[in-house]
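Below: the structure, in structure tokens.
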Amino acid sequence: MAYTATFDMGSTLVKGILMDEGLKVCAEAVREVTTYYEATRIEQDPRAWYEAFCAICQQFAEHLGADAKIHILF
């Protein structure tokens, strides 16, 4: 069976949903991303988005097992 993982890279969170071929939600995950406020600037570290994305992918892979095929959508 193939699965689809879709992600929302928001301003404070990275959210992921894993669905099977029938669009049934198999797993959900959320990781916070730190926002830095300095005077008139508001910033985030893109590495934090990437690390959150990788952590969610790892969680989904562990949930399904090593042989699962996951299609990723943003």
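The values are calculated or read from the model by the stated rules, or taken from the named source; none is laboratory data. Owing to the predicted nature of the structure, the values given are computational and were not obtained by experimental measurement. Here Cβ is always computed from backbone atoms with ideal geometry, including for glycine, and neighbour counts include all displayed protein chains. All accessible areas refer to the heavy atoms of the entire protein, side chains included, with ligands and DNA or RNA removed. Shrake-Rupley method; radii C 1.70, N 1.55, O 1.52, S 1.80 Å.
Per residue, the accessible area of the chain comes to 72 Å² when a 1.4 Å probe rolls over the protein heavy atoms.
At 1.4 Å probe size, with the rest of the protein present, what percent of the exposed accessible area of the chain is carbon and sulfur atoms? It is 54 percent, rounded to a whole number. Taking the C-alpha atoms only, the angle from helix 46-64 to the longest principal axis of the chain is near 20 degrees.
Each Lys and Arg adds +1 at its Cβ and each Asp and Glu adds -1 at its Cβ; summed about the Cα centre, the chain shows a dipole of about 80 debye. Extension gain for the segment D45 to H63, taken as residue separation times 0.36 nm less the Cα-Cα distance, is 3.7 nm to one decimal.
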